[in-house]
Amino acid sequence: MYIIGSSQSRRSNPFASVAEPFLQPHGLPFAEVLTAEAIERTFAEKDALFGQNDIFSTPIVLWAFLAQALRDGKGSACAAAVADIATYMQQTNGCVPCGDTGDYCRARSKLDLSALRCLVTDTARQLERGAKTSWLWHGLHAKLVDGFTFTMPDTPENQQEFPQQKNQEPGVGFPIARACAVLSLATGAIHDLNIGPYEGKETGESALLRDMLDTFDAGDLVVFDRYYCSFMMLSLLALGGVQICTRLHQHRRVDFRRGRRLGKDDHLVTWDRPPRPPWMSEEQYDQIPETLTLRELRFTVTVPGRRTETLVVVTSLIDPVAYPKEDIAELYGYRWNAELDIRDIKQTLGLDHLRCKTPAMVRRELWVTLLAYNLVRKLIATAAAVHGKLPRQLGFTLACQTILSSWMLLATGACRNVPQLWRMALERIAANEVANRPGRIEPRVLKRRRHRYPLMQGPRQQLREEPGKT
């Protein structure tokens with residue numbers, strides 16, 4: 001039985017407006033995940049506090065930026081953020097800003113990138129440490145890896161760092177970035193993310209993942225698709241004491257007549273070290289083991305209404321008694337959760353197309369969005385712990401809506417009965433189970449017709465000058 005206590009005593013901290021809309025009462029699980037004190041300490045350690053006596057101070061700007069990330073449509077505009085700040089200042093007897101967004105936009109550019117990234121990674125680690133044993137897979141902390149892309153406004157600065165695709169004419173496409181994310185299977189929180197240009201040398205997802213290997217702790221279990229399944233990637237993870245589960249790469253042959261047989265379509269094999277790749281130094285190559293002993297399993301996926309598919313999974317969990325074949329197959333099936341999490345980030349939080357016009361601000365918008373995502377995941381984990389459910393069972397979109405419905409009340413301290421509001425919020429989130437949808441198949445078609453305008457085939461200025469194009 002959890003007792004929800006009031007947190008009014010914490011309101012002396014200027015970052016309380018940031019933390020309290022995401023639940024901070026004593027007595028609840030994860031109450032110490034990203035508190036107001038922790039946020040202030042992170043920015044102070046980076047010497048990144050600004051405007052303490054100004055309207056656009058660090059806590060106010062971060063609070064408004066988070067609100068932009070959680071909203072969509074007109075509510076995500078900078079003018080809406082300034083309107084939020086004006087309302088907040090009026091309710092807290094502060095100095096109300098004018099409607100001009102220039103000062104707010106300049107203040108957003110002062111938010112320290114390293115501090116924002118620290119807040120994201122620290123939140124994920126704290127959630128993972130507080131995860132119940134029943135949320136883990138065989139007691140292991142499983143991490144999911146997947147890649148995605150996102151676009152941004154077509155400005156010269158963005159095009160310089162994140163060029164549009166080469167098959168698009170200048171002025172027609174959007175700058176595009178490739179990203180690789182590490183997510184928790186237990187809590188859904190994002191542990192780290194790396195971005196780079198969409199095309200070019202060493203811009204693939206494997207290259208992005210290699211720069212994040214320190215995200216994994218010894219004993220972690222990493223699950224990813226066959227794109228990452230290479231000898232070097234598996235070896236680098238093994239050097240850090242990390243277990244792996246992945247689908248076999250399509251270019252590697254499998255023969256279950258060889259190796260040490262563990263059961264039907266289940267055997268141990270030895271992979272030999274290939275030549276040194278260009279991206280790897282000789283010193284690092286010398287640390288790579290000459291052979292890897294791995295377990296290969298083959299199983300069949302049968303879904304009503306779909307073609308039967310045969311998969312071969314590779315794992316470093318070689319004990320067939322501790323990790324039965326059926327459990328390994330189920331584990332690899334959980335990889336699809338990474339697709340769902342990224343869909344939540346891109347569609348619900350608007351990361352599919354960012355709004356900022358310079359690469360530096362694009363990165364700030366990216367990390368603030370990921371911070372908002374992790375804080376929503378904190379709320380979901382709290383509801384799951386209180387009501388005896390799994391975080392993966394609960395809907396993400398409703399949790400966002402729940403936060404926004406009480407955003408201003410909790411930030412300004414104007415709510416009359418905070419414990420009752422929190423209790424009702426957790427009950428609503430826990431009642432919204434969405435993950436169990438067996439056999440659901442939806443056709444990938446649109447019912448609503450779009451406007452009948454043709455796609456842009458040339459720069460906008462050129463089209464303005466052509467007759468009949470306007």
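The values are calculated or read from the model by the stated rules, or taken from the named source; none is laboratory data. If you're wondering where the values come from, they're calculated on a predicted model, not measured in any experiment. A quick note on method: Cβ atoms are made from the backbone with ideal geometry, for glycine too, and the neighbour counts reach across all protein chains shown. Only protein heavy atoms, including side chains, enter the accessible area calculation; ligands, DNA and RNA are left aside. Shrake-Rupley method; radii C 1.70, N 1.55, O 1.52, S 1.80 Å.
Could you identify the single residue in ARG392, ARG363, ARG416 that is over 25 Å from THR155 (Cβ atoms), within 15 Å of the chain's Cα centre (by Cα) and of a type in the set (Lys, Arg)? Going through ARG392, ARG363, ARG416 in turn, the sole match is ARG392. Take the conditions open to solvent by 10 Å² or more (accessible area, probe 1.4 Å), out of contact with any helix residue (DSSP H, G or I) (no Cβ under 8 Å at 6 or more places or on another chain) and either in contact (Cβ under 8 Å) with a residue 40 or more places away in the chain or polar (S, T, N, Q) (or both) and apply them to GLY171. Does it pass? Considered against the rule, which asks whether it is open to solvent by 10 Å² or more (accessible area, probe 1.4 Å), out of contact with any helix residue (DSSP H, G or I) (no Cβ under 8 Å at 6 or more places or on another chain) and either in contact (Cβ under 8 Å) with a residue 40 or more places away in the chain or polar (S, T, N, Q) (or both), GLY171 comes out as no. Scanning the stretch 198-220 for residues that are of a type outside the set (D, E, K, R), in contact with a strand residue (DSSP E or B) (Cβ under 7 Å, 6 or more places away or on another chain) and closer than 25 Å to ALA115 by Cβ gives LEU208, LEU209, MET212, THR215, PHE216.
Residue by residue, here is whether (1) under 19 Å from ILE244 (Cβ atoms); (2) basic (Lys, Arg); (3) in contact with a strand residue (DSSP E or B) (Cβ under 7 Å, 6 or more places away or on another chain) holds:
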residue	(1), (2), (3)
GLU283	no, no, no
ARG298	yes, yes, yes
THR302	no, no, no
THR315	yes, no, yes
LYS325	yes, yes, yes
ASP352	no, no, yes
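Selection of helices (runs of 4 or more DSSP H) fully inside the stretch 370-463 by the criterion of at least 2 residues being at pLDDT below 90 returns 407-412, 418-431. As a summary of the residue check, LYS201 satisfies the conditions (1) outside any loop (DSSP other than H, G, I, E, B); (2) more than 18 Å from the chain's Cα centre (by Cα) except for the one numbered (1). Inside the stretch 121-150, residues that are within 18 Å of the chain's Cα centre (by Cα) and open to solvent by less than 40 Å² (accessible area, probe 1.4 Å) make up a count of 14. What do you reckon, is ALA186 in a loop (DSSP other than H, G, I, E, B) and open to solvent by 50 Å² or more (accessible area, probe 1.4 Å)? It is false that ALA186 is in a loop (DSSP other than H, G, I, E, B) and open to solvent by 50 Å² or more (accessible area, probe 1.4 Å). For LEU351, the conditions (1) surrounded by fewer than 20 Cβ atoms within 10 Å (Cβ to Cβ); (2) modelled with pLDDT under 95; (3) of a type in the set (A, V, I, L, M, F, W, C) all hold with the exception of (1). Restricting LEU183, LEU193 to those that are in contact with a Phe, Trp or Tyr (Cβ under 9 Å, 6 or more places away or on another chain), under 24 Å from ALA372 (Cα atoms) and not charged (D, E, K, R) reduces the list to LEU193.
Here is the figure for the stretch 57-83: residues that are open to solvent by 20 Å² or more (accessible area, probe 1.4 Å), in a helix (DSSP H, G or I) and touching a residue at least 40 places away in the same chain (Cβ under 8 Å) total 0.
Being more than 29 Å from GLY395 (Cβ to Cβ), of a type outside the set (Lys, Arg) and out of contact with any His (no Cβ under 6 Å at 6 or more places or on another chain) is a condition met by at least one residue of the stretch 184-196. Residues in the stretch 42-56 that are crowded, with 18+ Cβ neighbours inside 10 Å and either under 21 Å from LEU409 (Cβ atoms) or out of contact with any Phe, Trp or Tyr (no Cβ under 7 Å at 6 or more places or on another chain) (or both): THR42, PHE43, ILE55. Filtering the stretch 1-41 to residues that are open to solvent by 20 Å² or more (accessible area, probe 1.4 Å), in contact with a Leu (Cβ under 8 Å, 6 or more places away or on another chain) and at pLDDT 85 or above leaves PHE30, GLU40. Scanning the stretch 33-55 for residues that are closer than 19 Å to LEU370 by Cα and acidic (Asp, Glu) returns a single hit, GLU40. Filtering ALA177, ALA218, ALA131 for residues that are within 24 Å of TYR373 (Cβ to Cβ), among the aliphatic types (A, V, I, L, M) and part of a loop (DSSP other than H, G, I, E, B) leaves a single hit, ALA131. Scanning the stretch 241-266 for residues that are open to solvent by 40 Å² or more (accessible area, probe 1.4 Å), in a strand (DSSP E or B) and at pLDDT below 95 turns up ARG247, ARG260, ARG261, LEU262. Do we find that ALA238 is aliphatic (A, V, I, L, M), closer than 26 Å to GLN126 by Cα, open to solvent by 20 Å² or more (accessible area, probe 1.4 Å) and in contact with a strand residue (DSSP E or B) (Cβ under 9 Å, 6 or more places away or on another chain) in this structure? Criteria met by ALA238. Could you tell me which residue of the stretch 221-234 is farthest from the chain's Cα centre (by Cα), considering only residues that are assigned to a helix (DSSP H, G or I) and surrounded by 19 or more Cβ atoms within 10 Å (Cβ to Cβ)? My answer is PHE231. Do we have ALA19 as assigned to a loop (DSSP other than H, G, I, E, B), among the small types (Gly, Ala, Ser) and under 23 Å from the mean Cα position of the chain (by Cα) here? No: the conditions fail for ALA19.
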